[in-house]
Amino acid sequence: MGEAGQAIRIEHARKDYGQMSGGRREAVSDVSFTVSVGAIHGLLGPNGAGKTTTLKMLLGLVRPSGGTFEILGKDAASPGARSPLGFLPEQPYFPSHLSALEALTLYGRLAGMGRSDVEEAAPGLLERVGLDGQAKTQLSRFSRGMLQRFGLAQAWLKTPSVMVLDEPASGLDPIGQRDVRNLMLEFRERGATVLLSSHQLSEVEAVCDEVTILNRGLVAARGHIDDLLNVKGQCSVTVRGSGPLPTEVEAVVTETASSGERRIFSIAEKDVRRVVDALDDSSWKLVSVVPKRDSLEDYFSRMLAATPEPATPESAPAAPAESAAPADPGTDVAEEVAQ
Amino acid sequence: MKAVLALSEAVLADAVRKKVVWVVLVFATLLAFTVPSLPAYGGEVVSAVYRDVVLALMFAMSLVVGLALAVTRIPGEVERRTVFPVLARDVRRWQYVCATWGGMFIVVGLVVLAFTAIAIAVGALAYHEVMSVLLKGAFAAWLEAGVVVAVALLFSTRFSPVTSTVGALAFVFIGHSIPGLFTTLVGSGEHAAAPWWLPSLGVFDIIAPVAHGSGVSAVHLMGMSVAFVAWAALLLVLASLLFSGRDL
């Protein structure tokens with residue numbers, strides 16, 4: 001039974017597949033995390049990290065080889081456990097011969113709603129996801145972005161307490177991505193818990209209260225995205241101007257990038273005062289000084305580099321979690337998983 | 001039950017949009033219209049031959065429609081991932097399998113019923129005889145198609161449409177061969193008839209008595225219904241078990 005305040009609990013999830021050669025291939029080695037009620041929790045990781053398999057095990061689409069999966073304290077495989085849950089699959093497809101209203105009616109009835117209840121709720125729901133006036137349009141005429149929005153609408157039917165969204169902004173234009181972010185925040189405002197699997201840092205940064213990062217089937221790190229990605233003791237300085245930087249600044253700069261008159265460089269936190277004074281005395285204009293942050297891509301790259309390839313896929317033991325975490329001083333604030 | 005009904009309705013709505021259903025029905029109807037006009041049959045044709053042909057058409061049509069629908073449904077839904085938003089909800093795999101079968105069984109029933117109505121109408125026009133006995137043949141064709149759909153679904157939970165078609169056709173062939181095989185092996189005599197408990201599809205072979213005799217008795221129809229229920233239940237349990245063990 002899950003502890004109070006936990007919407008989702010996954011303990012020691014494991015999934016391996018048999019291979020033609022007779023061995024086993026581990027897709028998920030040992031994944032444990034919890035999602036608090038009312039939180040938006042991001043599940044991050046490079047391709048093949050085990051995100052989708054973990055979600056599928058939670059949703060009963062894939063049989064786990066081991067582990068515990070609970071939704072609001074109930075075993076996820078038990079009857080009724082998934083009724084308070086809405087799910088948006090990655091790159092969702094729906095029966096294309098149905099209209100949006102017919103498809104919502106089908107999913108609503110599967111969720112236990114009456115036909116008339118769905119018909120009453122559908123216009124408002126479609127309007128909320130930006131599909132107002134499309135109730136009678138066949139899904140075969142929907143663009144990818146519209147299908148993604150429809151996917152959110154069907155997941156939000158019956159106002160679920162828990163939402164599982166797999167790459168919800170995938171394939172959407174910037175406006176669509178912004179709308180999806182706003183929708184997730186709205187879900188949370190209405191009391192829902194959201195488990196979000198995503199590659200998009202901007203999306204995760206904007207909405208997630210906490211994240212779990214998976215790598216090669218293990219939990220590599222978890223915590224707040226800022227704690228995971230901020231590089232401790234380093235700042236990023238943006239200046240505008242031309243010519244060489246002042247000598248005092250050049251002496252402490254570690255990484256530099258430039259674009260036109262704009263130059264961005266990294267310095268140690270302790271040098272900030274000195275650099276700002278030197279820039280004030282020069283022709284360079286200071287634009288910003290912010291804590292240095294890794295891109296998620298860099299984070300993943302380092303994480304992959306830090307994790308050795310298993311010797312043989314079928315017999316390799318699960319790599320220890322601490323070796324999966326990147327050797328990044330910025331991650332020490334976050335809870336790196338060592339158990 | 002609500003979920004099963006909703007899914008069955010969705011399968012039904014999807015199936016009636018499939019071209020194959022209408023093409024087979026129209027083709028069978030054209031053949032039924034053609035039979036009385038063929039020169040060889042013409043005026044001398046006896047209505048029994050007509051009944052023979054339309055009953056064969058009925059069985060073939062129900063088999064084609066049932067197979068065409070059943071072997072593609074689950075692999076297609078899994079490949080297109082339309083099954084994810086369904087099974088991620090509180091819908092059990094056995095409910096999904098049974099609902100899919102139920103929807104298809106109804107579609108095949110509607111197609112067989114439509115063709116039977118047309119065949120009876122053509123028979124009445126051509127031979128001035130209301131061949132209500134064809135309804136018994138339609139009933140047998142429908143029940144057998146229900147079994148075939150269940151077999152095809154069983155295979156399709158794990159295999160491709162082509163393999164499922166071959167498997168289902170092999171089942172039909174073997175199922176109809178068993179009584180004859182038994183008779184051949186046992187030889188003629190009073191014990192030559194296959195016993196009722198022998199698992200086969202022989203109970204659905206009613207073309208000859210319906211076309212050339214006085215039909216089949218109520219007891220036989222009841223036995224046919226029992227055999228259908230037993231086959232369908234067994235196959236659906238196996239299909240549900242196989243599908244439950246599958247990773248999507």
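I'd like the residue in region B:191-204 that is open to solvent by 100 Å² or more (accessible area, probe 1.4 Å) and closer than 21 Å to B:Val216 by Cα and, out of all such residues, is modelled with the lowest pLDDT. Break it down stepwise before answering.
At the first step, the residues of region B:191-204 found to be open to solvent by 100 Å² or more (accessible area, probe 1.4 Å) are B:191, B:196-197.
Subsequent filtering for residues that are closer than 21 Å to B:Val216 by Cα retains B:196-197.
On the way: B:Trp196: 71, B:Trp197: 75.
Among those that are open to solvent by 100 Å² or more (accessible area, probe 1.4 Å) and closer than 21 Å to B:Val216 by Cα, it is B:Trp196.
Between B:Thr100, B:Thr116, which is surrounded by 22 or more Cβ atoms within 10 Å (Cβ to Cβ), within 14 Å of chain A (Cβ to nearest Cβ) and part of a helix (DSSP H, G or I)?
Details: B:Thr116 fails: within 14 Å of chain A (Cβ to nearest Cβ).
The conditions single out B:Thr100.
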Check: In region B:238-245, is there at least one residue being without any contact (Cβ under 8 Å) to a residue 60 or more places away in the chain and closer than 22 Å to B:Ser156 by Cα?
Finding: yes
Checklist line | Breaking point among (1) open to solvent by 40 Å² or more (accessible area, probe 1.4 Å); (2) under 22 Å from A:Pro168 (Cβ atoms), for A:Glu120 | finding: (2)
Check: Just for region A:85-101: of the residues that are at the interface with another protein chain (Cβ under 10 Å from one of its Cβ atoms) and touching a strand residue (DSSP E or B) at 6+ places or on another chain (Cβ under 6 Å), which one is surrounded by the fewest Cβ atoms within 10 Å (Cβ to Cβ)?
Finding: A:Glu90
Next item on the list: Say whether the condition of being of a type in the set (Val, Ile, Thr) and not in a helix (DSSP H, G or I) is met by at least one residue in region A:137-145.
Entry: yes
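Residues are listed down the side, and each one gets a yes or a no for (1) of a type in the set (A, V, I, L, M, F, W, C); (2) in a helix (DSSP H, G or I); (3) surrounded by fewer than 20 Cβ atoms within 10 Å (Cβ to Cβ); (4) within 14 Å of another protein chain (Cβ to nearest Cβ):
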residue	(1), (2), (3), (4)
B:Val53	yes, yes, no, no
B:Val86	yes, yes, no, yes
B:Val91	yes, no, no, yes
B:Val112	yes, yes, no, no
B:Leu154	yes, yes, no, no
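A quick yes/no check of all residues on (1) more than 24 Å from the chain's Cα centre (by Cα); (2) touching a residue at least 40 places away in the same chain (Cβ under 8 Å):
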| position | (1), (2) |
| --- | --- |
| B:Arg51 | no, yes |
| B:Ala56 | no, yes |
| B:Ala60 | no, no |
| B:Leu69 | no, yes |
| B:Thr72 | no, yes |
| B:Pro75 | no, yes |
| B:Arg80 | yes, no |
| B:Val86 | yes, yes |
Margin query: Can you find a residue that is under 19 Å from the mean Cα position of the chain (by Cα), touching a residue at least 12 places away in the same chain (Cβ under 8 Å), more than 28 Å from A:Tyr17 (Cβ to Cβ) and open to solvent by 20 Å² or more (accessible area, probe 1.4 Å) anywhere in region B:159-168?
Written below: no
Next item on the list: Give the residue that is nearest to B:Glu9 (Cα to Cα), with candidates limited to residues of region A:102-113 that are facing chain B (nearest Cβ under 7 Å) and over 27 Å from the mean Cα position of the chain (by Cα).
Entry: A:Leu106
Item checked: Test for A:Ala81: is it without any contact (Cβ under 8 Å) to a residue 24 or more places away in the chain, among the aliphatic types (A, V, I, L, M) and touching a Phe, Trp or Tyr at 6+ places or on another chain (Cβ under 8 Å) -> no
Check: Taking region A:232-268 as the search range and keeping residues that are among the β-branched types (Val, Ile, Thr) and surrounded by fewer than 19 Cβ atoms within 10 Å (Cβ to Cβ), which one is farthest from the chain's Cα centre (by Cα)?
Finding: A:Thr247
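From the list A:Gln138, A:Gln177, which residue is in contact (Cβ under 8 Å) with a residue 40 or more places away in the chain and of a type outside the set (A, V, I, L, M)?
Matching residue, one of A:Gln138, A:Gln177: A:Gln138.
One line per residue, one yes/no per condition, for (1) away from chain A (no Cβ under 14 Å); (2) crowded, with 16+ Cβ neighbours inside 10 Å; (3) touching an Asp or Glu at 6+ places or on another chain (Cβ under 6 Å):
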| residue | (1), (2), (3) |
| --- | --- |
| B:Ser8 | no, yes, no |
| B:Pro36 | yes, yes, no |
| B:Val46 | yes, no, no |
| B:Ala68 | yes, yes, no |
Notebook entry, point to check: Do the conditions hold for A:Ala76, that is, is it open to solvent by less than 10 Å² (accessible area, probe 1.4 Å) and either within 14 Å of another protein chain (Cβ to nearest Cβ) or more than 29 Å from B:Arg80 (Cβ to Cβ) (or both)?
Noted result: yes
Next item on the list: Take region A:192-211 and flag every residue that is surrounded by fewer than 20 Cβ atoms within 10 Å (Cβ to Cβ), part of a helix (DSSP H, G or I) and of a type in the set (D, E, K, R).
Entry: A:Glu205
Checklist line | B:Thr163 being among the hydroxyl-bearing types (Ser, Thr, Tyr), in a helix (DSSP H, G or I) and within 30 Å of B:Pro36 (Cα to Cα) | finding: no
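Results for (1) more than 14 Å from every other protein chain (Cβ to nearest Cβ); (2) touching a Leu at 6+ places or on another chain (Cβ under 9 Å); (3) under 13 Å from A:Leu214 (Cα atoms); (4) modelled with pLDDT of 90 or more, shown as yes or no for each residue.
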residue: A:Ala4; (1), (2), (3), (4): yes, no, no, no
residue: A:Glu11; (1), (2), (3), (4): yes, no, no, yes
residue: A:Pro46; (1), (2), (3), (4): yes, yes, yes, no
residue: A:Leu55; (1), (2), (3), (4): no, yes, yes, yes
residue: A:Arg63; (1), (2), (3), (4): no, no, no, yes
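The values are calculated or read from the model by the stated rules, or taken from the named source; none is laboratory data. Keep in mind the model is a prediction, meaning the values are calculated, not measured. Virtual Cβ from ideal backbone geometry, glycine too; neighbours counted across all protein chains shown. For accessibility, only protein heavy atoms count, side chains too; no ligands or nucleic acids. Shrake-Rupley method; radii C 1.70, N 1.55, O 1.52, S 1.80 Å.
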